[in-house]
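Chemist: Quick one: the structure is below, and I'll ask about it shortly.
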Number of protein chains: 2
Amino acid sequence: MSTPILPRRRPGRPPRLDSSGQDGRERLLRAGLELLTERAFHSVGLEELLGRAGVPRGSFYHYYASKDDFGLEAVDAYGRYFAARLDRRLLAPGRSPLDRLADFVADAEAGMARHGFRRGCLIGNLGQEMGGLADDFRLRIEAVFQDWEARLADCLSAAVAAGQLAPETDCPRWAHLFWIGWEGAVLRARLVRNGAPLRLFFETFLAALPRPPSFPAEETPCSTPS
Amino acid sequence: MSTPILPRRRPGRPPRLDSSGQDGRERLLRAGLELLTERAFHSVGLEELLGRAGVPRGSFYHYYASKDDFGLEAVDAYGRYFAARLDRRLLAPGRSPLDRLADFVADAEAGMARHGFRRGCLIGNLGQEMGGLADDFRLRIEAVFQDWEARLADCLSAAVAAGQLAPETDCPRWAHLFWIGWEGAVLRARLVRNGAPLRLFFETFLAALPRPPSFPAEETPCSTPS
C-alpha cells in the first residue's frame, strides 16, 4: 500500500501545494483511499477526511464538486494504483506466468496482513454498497474490474503460450472468475482476520485451470513465492 | 424474499401489536432487512428505517438499545431467514444432492432478478463494511457463514453418499469455498445487473468438485432446475 498515488490532474487546474509540497487534492485522495479500503463510503464524513488529509475545512469544494465526485475519483485512483501493483507482479521478468500470478496473491496477502486484515479492496467495498450509490459508481467500478481482468487474461494467455495452460483455455473467462472469487475471498479474510480464505480460493482456482494434456497432474505448477 | 421473517423474541418482552396486528419490532426488522440487502449499514438512518417500518418516532429505543443492537439482530434474523431458504432447497426430497444445490443457485438468481439485481446479501454487505463496524459484527457475521457452510457441507456429504462426489471429498472445505466465491459472485451480479457471474461461479465450482473415479467426466451431474 506504499505505492504513491498520483491522481490524474484536471486540465487547467494547477496543483495547490501546501508547506509540505503536497497538493491538497492528492492528500485528500490518499486519505480517502485509506479510509475507503476499511470502511463504507457512507460512513466516511467530509470532516474526518479533511482532518486525516490535513486539508483546511472549506477546501474540499475547491477540489471536488461533491462527495460523489470525490468517490468516483477515488475509484479511478485506486483502479490505477492497483493496476500498477498487479502489473509489477504479472509482468515481472524471470518468472513463469502462473508463478507471477502466485506472486501477486502472496503480495496481496502480505499487504492485507500488514494492516491486520482490516483493509479490503476499495472496489469491492464500494461495489458492495452500490445499492446506495449513484449509477455512475456501478459503471466505473465495473470498468475497473474489467481493466484488472484484461491484465490477468494477458498473464493467462502468456501461461498458455508457455505451455502451463491448455491451448483451449478461455483466458478472459478464467480472469473474470478470478476476480469474482478474489473479492469474496478478500471479504472473508477480513472477517476471519487471516489469509486462509485467499489461499483456499487461489489453490482451488489454480487446480481448476485447464492444463495441457501432457502436464503431469501431480506436479505443482507454481513454486511458493519467496 | 417473501418468506416471513420471524425474529426470536427476547424473554419477558411481549410484542406490541399495532392496528395491523404486527409487532413494531418485527416491522423494524423486516424494513431493516430490505434496506440492508441494498445498502450500507452506515447509510441507513433511523428516520428512514422508522418511516419504512411505519413505526412511530421514539419507539426505536423501546425495541433496541442502539443502532448496533438492531444491526446485530438483523444479522441473526437474516442468517435464520436464509438458512431456512437454503434448507428448503438443500433438503428437498426427490432430487439428487447436487441438483438440490443447483436448485438453490437458480432460486437465488431468480430472487436477485426479481429485485433487478439491486439487492445483495445482507451478510456480505455488512461483512464488507466491517472495518467501520464493532467487532461484535465480525464474529456474528462469521458465525452466520459457518452455519450456512455446515448446511452445504451436509448436502455435499449426501452427494458423496449418493456417489455423485468422490469418497475423499473434503466437504467442509468445498462448502467454505462455495461461500467465499458466492459472495464475490453476488457482488459482481449487482454490478452488472444480471446473473451471469452467479452462473459462471457455480458452473466452475461444480466442474472443480472431485468426482468418483467411475464418474464420466462428460456427463453433467446436474440437470437445469425447472
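Chemist: Between B:Arg173 and B:Glu48, what is the FRET efficiency for a Förster distance of 41 Å, r being their Cβ-Cβ separation, to the nearest 0.05? Mind showing how you got there, number by number?
Modeler: Values: r = 41 Å, r/R0 = 1.00.
Efficiency for this residue pair is about 0.50.
Chemist: Taking R0 as 51 Å, what FRET efficiency do you get between A:Leu91 and B:Leu91 from their Cβ-Cβ distance, rounded to the nearest 0.05? Present the calculation step by step, with values, prior to reporting the outcome.
Modeler: On the way: r = 49 Å, r/R0 = 0.96.
Once rounded, the FRET efficiency stands at 0.55.
Chemist: Work out from phi, with θ = phi - 60° and the Karplus expression 6.51 cos²θ - 1.76 cosθ + 1.60, the ³J(HN,Hα) of each residue of the range B:29-35, listed in order in whole Hz, and give x for Gly and Pro.
Modeler: Per-residue couplings from phi come out as 5, 5, 4, x, 5, 4, 5 Hz.
Chemist: Between B:Asp147 and B:Glu203, what is 0.36 nm times their sequence separation minus the Cα-Cα distance? Round to one decimal in nm.
Modeler: Working: separation 56, 0.36 × 56 = 20.16 nm, distance 2.33 nm.
Length gained, B:Asp147 through B:Glu203: 17.8 nm.
Chemist: Report, in debye and to the nearest 20, how large the dipole of the range A:75-219 comes out about its Cα centre when Lys and Arg carry +1 and Asp and Glu carry -1 on their Cβ.
Modeler: Here the range A:75-219 has a charge dipole of around 580 debye.
Chemist: Quick check: net charge around A:Arg89, other residues with Cβ under 14 Å of its Cβ, Lys/Arg +1 and Asp/Glu -1?
Modeler: Numbers: positive: A:Arg85, A:Arg88, A:Arg95, A:Arg100, A:Arg151; negative: A:Asp87, A:Asp99, A:Asp103, A:Asp107, A:Glu109, A:Asp154.
Here the charged neighbours net out to -1.
Chemist: Probe radius 1.4 Å, ligands and nucleic acids left out: can you give me the accessible area buried at the A-B interface, summed over both chains, in Å² to the nearest hundred?
Modeler: Details: alone 11310 and 11310 Å², together 18910 Å².
The summed interface area works out to 3700 Å².
Chemist: Let me ask something else about it. Assign one of three labels to the range A:75-219, namely rounded, prolate or oblate, based on the Cα gyration tensor with a ≥ b ≥ c the square roots of its eigenvalues; rounded applies when a/c is under 1.5, prolate when it is not and a/b is larger than b/c, and oblate otherwise.
Modeler: Details: a/c = 1.89, a/b = 1.51, b/c = 1.26.
In terms of gyration-tensor shape, prolate.
Chemist: Go through the range B:94-110 residue by residue and turn each phi into a ³J(HN,Hα) via Karplus (6.51, -1.76, 1.60, θ = phi - 60°); whole Hz please, and just put x for glycine and proline.
Modeler: Ordered by residue, 3J(HN,Hα) equals x, 10, 5, x, 6, 5, 5, 5, 4, 5, 4, 4, 5, 5, 5, 5, 4 Hz.
Chemist: Hey, rough spin-label estimate for B:Ala65 and A:Asp136, points 7 angstrom out along Cα→Cβ, what's it come to in nanometres?
Modeler: 4.2 nm
Chemist: Charges only on Cβ, +1 for Lys and Arg, -1 for Asp and Glu: so what's the dipole of the range B:24-145 about the Cα centre, in debye to the nearest 20?
Modeler: On the way: 18 positive and 18 negative charges, 84 e Å.
With only Lys, Arg, Asp and Glu charged at Cβ, the dipole is about 400 debye.
Chemist: So how far, in whole Å, is the C-alpha centre of the range B:120-183 from the one of the range B:78-110?
Modeler: The two parts, judged by their Cα centres, are 14 Å apart.
The values are calculated or read from the model by the stated rules, or taken from the named source; none is laboratory data. Just so you know, these numbers come straight off a predicted model, no measurement behind them. Glycine gets a Cβ as well: all are built from the backbone with ideal geometry, and neighbour counts include every protein chain shown. Protein only, heavy atoms only, side chains kept; ligands, DNA and RNA dropped before computing areas. Shrake-Rupley method; radii C 1.70, N 1.55, O 1.52, S 1.80 Å.
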